[in-house]
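Accompanying notes for the structure given below.
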Amino acid sequence: MTSFGVFVDLGGIDGLLHITDISWGRINHPEEVLKLDDRIQVVILDYDDLKKRISLGLKQLTSHPWDNLTADIEEGTHVAGKVVSVADYGAFIEIKPGVEGLVHVSEMSWSSHLRNPSEYLKVGDEVNALVLSLDRSEHKMSLGIKQLTQDPWIDIESKYSLGSKHSGIVKNLTSYGLFLELEEGIDGLVHVSDLSWNKKIKHPSEFTKKGDKLDVIVLEVDKDNRRLSLGHKQLEENPWETFETIFSIGSIHEGTVMSVNDKGATIQLQYGVEAFAPSRHIKKADNKTMADDETLEFEVIEFSKDAKRIIVSHTNIWKGAERATKEADNSSKDKARKTTAKVVKKTNQSSEKSTFGELDALTALRAQFEKQEKGVAKDKADKAEAIKVEAAATKAKEEAAAEKKEKAPKADTAATASTLKSLSGVGPAMEKRMNALGVNSVDDLKALSEDKIASMTAEDAKISADQWNKWIEESNSL
């Protein structure tokens with residue numbers, strides 16, 4: 001007796017009874033049916049005179065079980081049997097000796113996560129099944145186990161309505177999200193973007209792992225395509241509505257450097273919010289680049305609620321301090337120039353009064369000279385003196401006019417000393433964006449109307465109306 005069959009003594013000649021010819025049913029070893037020294041009847045199936053080999057058969061003494069399969073077994077019939085073999089594609093169920101049906105892996109469970117039949121069935125299991133198809137001539141029968149229970153997707157919309165909250169088990173992780181099993185046969189996808197409001201998750205493994213329990217809310221139900229969209233972050237209110245007021249453009253916050261690469265640095269701000277600082281905005285005052293875990297101050301230079309993006313700058317912090325110092329120096333110089341201008345104006349006014357007084361005296365003197373006719377010599381001398389006085393007065397007027405003309409451009413220079421860069425949060429990049437919208441000076445900014453601001457906000461949504469109004473208010477105080 002061997003694993004592949006038994007040798008039978010036919011009276012001096014041995015014949016091989018192969019294991020597949022012992023029984024119509026499936027057996028794993030001949031000893032399940034036969035034992036040594038048993039006397040049995042067999043049928044000679046083949047004889048090889050050259051090799052002196054005889055092939056024997058035992059099951060051939062009885063009719064094939066499929067020929068005796070009762071008529072009551074048909075499609076839709078409930079049957080019971082024992083698992084006799086498990087393969088990668090399914091399991092074979094023995095309904096009666098010699099009659100087997102195949103349960104394909106896809107017909108075992110409504111769950112889409114069943115990949116290997118051995119996860120569901122094992123040899124020797126007693127199971128119930130439904131006959132899906134039957135071919136008596138080909139001796140083939142297809143069975144289904146999941147059909148014994150109702151398809152859970154039939155009432156999916158009532159059980160898992162939009163906005164309803166549920167808990168499930170993480171079954172699979174992919175680069176774009178994770179699959180959550182809510183119950184057998186009901187799986188849903190949680191996209192990676194629906195895991196967290198605050199953190200930028202590149203792969204679900206950063207957030208959870210297989211086998212974890214996760215609470216979710218139903219976002220979308222597609223009954224026809226058997227798809228369920230779920231969200232985890234939606235269990236909480238969108239904090240970006242509040243962040244919009246906290247992280248306004250130009251506001252300064254303390255942040256911790258999480259990582260640095262060629263493109264810039266990822267910064268963690270308060271409330272666990274992540275921001276990004278471009279490479280040109282991560283240099284410190286000592287011209288060194290920031291390092292991981294370093295805590296610094298950052299200025300918000302861009303905020304997008306829809307894209308959930310915050311762009312910050314550390315460089316603007318110390319450059320802004322330098323700019324403030326420079327502006328303070330310029331302010332002191334402007335103040336000194338204004339004081340000097342006042343003194344000059346006062347002097348000019350005094351000069352003008354003196355000049356007008358001299359002209360009145362000249363007029364009176366001329367009248368007196370006309371009435372007097374006391375001699376030619378004295379008259380000429382008086383006229384010469386009058387001409388001298390008039391020349392002096394004319395010179396004084398010209399000097400006063402020249403000084404007044406010189407003062408005018410200085411005043412203009414002082415008035416325009418304040419530029420767009422002097423405003424909070426306005427650097428070279430922001431100034432270019434303001435110029436592109438037609439705002440080239442502080443005077444242009446002051447002249448903006450509400451309609452104009454609305455138009456510019458529509459053209460460049462990254463600069464909000466509140467920011468424009470803040471800059472206008474700041475410019476009015478310069």
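Can you tell me which condition Phe7 does not meet? The list is (1) touching a His at 6+ places or on another chain (Cβ under 9 Å); (2) of a type in the set (Phe, Trp, Tyr); (3) farther than 30 Å from Val103 by Cα, and all the others hold.
Status for Phe7: all satisfied but (1).
Conditions: (1) touching a Gly at 6+ places or on another chain (Cβ under 7 Å); (2) outside any loop (DSSP other than H, G, I, E, B); (3) under 30 Å from Asn469 (Cβ atoms). Tyr271 meets all but one. Number of the miss?
Tyr271 satisfies every listed condition except (1).
Which of the following residues is outside any strand (DSSP E or B) and within 21 Å of Lys319 (Cβ to Cβ): Ala291, Ala265? Walk me through how you get there before you give the answer.
Numbers: Ala265 fails: outside any strand (DSSP E or B).
Exactly one residue qualifies, and that residue is Ala291.
Given Ser109, Ser85, which one is under 16 Å from Lys146 (Cα atoms) and polar (S, T, N, Q)? Break it down into steps so the answer makes sense when it comes.
Working: Ser85 fails: under 16 Å from Lys146 (Cα atoms).
After ruling out the rest, the residue left standing is Ser109.
State which residue pairs qualify: first residue within 23 Å of Asp460 (Cβ to Cβ) and inside the range 240-262, second residue among the charged types (D, E, K, R) and part of a loop (DSSP other than H, G, I, E, B) in any location, beta carbons under 7 Å apart, and separation of 6 or more residues or different chains.
Trp240/Lys305; Trp240/Lys308; Glu244/Lys305
Among the strands (runs of 3 or more DSSP E) lying completely within the range 23-86, list those that include at least 2 residues that are modelled with pLDDT of 85 or more and within 60 Å of the chain's Cα centre (by Cα). Please lay out each step first, then the result.
Numbers: elements: 43-48, 53-57, 78-86.
Ranges flagged: 78-86.
Quickly run through the range 92-149 and pick out the residues that are without any contact (Cβ under 8 Å) to a residue 24 or more places away in the chain, of a type in the set (Gly, Ala, Ser) and closer than 30 Å to Gly188 by Cβ.
Selection gives Ser106 alone.
In the range 202-262, which strands (runs of 3 or more DSSP E) lie fully inside it and hold 3 or more residues that are over 20 Å from the mean Cα position of the chain (by Cα) and within 30 Å of Thr315 (Cβ to Cβ)?
By residue number, 252-260.
This table checks each residue for (1) assigned by TED's automatic domain parsing to the domain that holds Ile95; (2) loosely packed, with under 13 Cβ neighbours inside 10 Å; (3) hydroxyl-bearing (Ser, Thr, Tyr); (4) over 22 Å from Asp306 (Cβ atoms).
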| position | (1), (2), (3), (4) |
| --- | --- |
| Arg136 | yes, no, no, yes |
| Asp187 | no, no, no, yes |
| Lys213 | no, yes, no, yes |
| Arg226 | no, no, no, yes |
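Of all residues being touching a residue at least 24 places away in the same chain (Cβ under 8 Å) and in a loop (DSSP other than H, G, I, E, B) in the range 438-460, which is surrounded by the most Cβ atoms within 10 Å (Cβ to Cβ)? Just the residue, please.
Ranking the candidates gives Leu448 first.
Identify all residues within the range 165-219 that are on the phi > 0 side of the Ramachandran plot and at pLDDT below 90; write none if there are none. Can you show your working first?
Going through the range 165-219, the residues on the phi > 0 side of the Ramachandran plot turn out to be 177, 185, 211.
The answer is Gly185, and nothing else.
Criterion first (surrounded by 12 or more Cβ atoms within 10 Å (Cβ to Cβ) and free of Cβ contacts under 8 Å to residues at least 12 places away in the same chain) does Ile217 satisfy it? Please lay out each step first, then the result.
Values: surrounded by 12 or more Cβ atoms within 10 Å (Cβ to Cβ): yes; free of Cβ contacts under 8 Å to residues at least 12 places away in the same chain: no.
No.
Does Glu206 satisfy the criteria of being assigned by TED's automatic domain parsing to the domain that holds Gly76 and surrounded by fewer than 19 Cβ atoms within 10 Å (Cβ to Cβ)? Outline the logic, then answer.
Details: assigned by TED's automatic domain parsing to the domain that holds Gly76: no; surrounded by fewer than 19 Cβ atoms within 10 Å (Cβ to Cβ): yes.
No, not satisfied.
Applying the selection to the range 106-117, what residues are among the aliphatic types (A, V, I, L, M) and surrounded by fewer than 20 Cβ atoms within 10 Å (Cβ to Cβ)?
Our first condition is that a residue be among the aliphatic types (A, V, I, L, M); within the range 106-117, this holds for 108, 114.
The answer is Leu114, and nothing else.
Within the range 36-48, can one find any residue that is touching a residue at least 60 places away in the same chain (Cβ under 8 Å) and not assigned by TED's automatic domain parsing to the domain that holds Asn172? Working first, answer last.
Of the residues in the range 36-48, the ones touching a residue at least 60 places away in the same chain (Cβ under 8 Å) are none.
For the range 36-48, residues touching a residue at least 60 places away in the same chain (Cβ under 8 Å) and not assigned by TED's automatic domain parsing to the domain that holds Asn172: absent.
If you go through the range 86-107 one residue at a time, do you hit one that is among the hydrophobic types (A, V, I, L, M, F, W, C) and more than 21 Å from Met141 (Cα to Cα)?
No - not one qualifying residue is present in the range 86-107.
Could you grab the pairs with beta carbons closer than 8 Å, sequence gap of 6+ or different chains, first residue in the range 275-287 and among the hydroxyl-bearing types (Ser, Thr, Tyr), second one surrounded by fewer than 21 Cβ atoms within 10 Å (Cβ to Cβ) and in a strand (DSSP E or B)?
Ser279/Gly264
Filter the range 49-83 for residues that are within 24 Å of Leu134 (Cβ to Cβ), hydrophobic (A, V, I, L, M, F, W, C) and touching a residue at least 24 places away in the same chain (Cβ under 8 Å); which is surrounded by the fewest Cβ atoms within 10 Å (Cβ to Cβ)?
Going through the range 49-83, the residues within 24 Å of Leu134 (Cβ to Cβ) turn out to be 59, 62-83.
This time we only want the ones that are hydrophobic (A, V, I, L, M, F, W, C), so: 66, 69, 71, 73, 79-80, 83.
Checking the rest, the ones that are also touching a residue at least 24 places away in the same chain (Cβ under 8 Å) come to 66, 69, 73, 79-80, 83.
Numbers: Trp66: 18, Leu69: 18, Ile73: 17, Val79: 17, Ala80: 10, Val83: 18.
The selected residue is Ala80.
Checking Phe179 against (1) farther than 24 Å from Glu74 by Cα; (2) outside any strand (DSSP E or B), which test does it fail?
Evaluating Phe179 over (1) farther than 24 Å from Glu74 by Cα; (2) outside any strand (DSSP E or B) leaves (2) as the failure.
Tally the residues that are surrounded by 11 or more Cβ atoms within 10 Å (Cβ to Cβ) and part of a strand (DSSP E or B), restricting the search to the range 3-22.
9
The values are calculated or read from the model by the stated rules, or taken from the named source; none is laboratory data. Note that this is a predicted model, so its numbers are computed, not measured. Here Cβ is always computed from backbone atoms with ideal geometry, including for glycine, and neighbour counts include all displayed protein chains.
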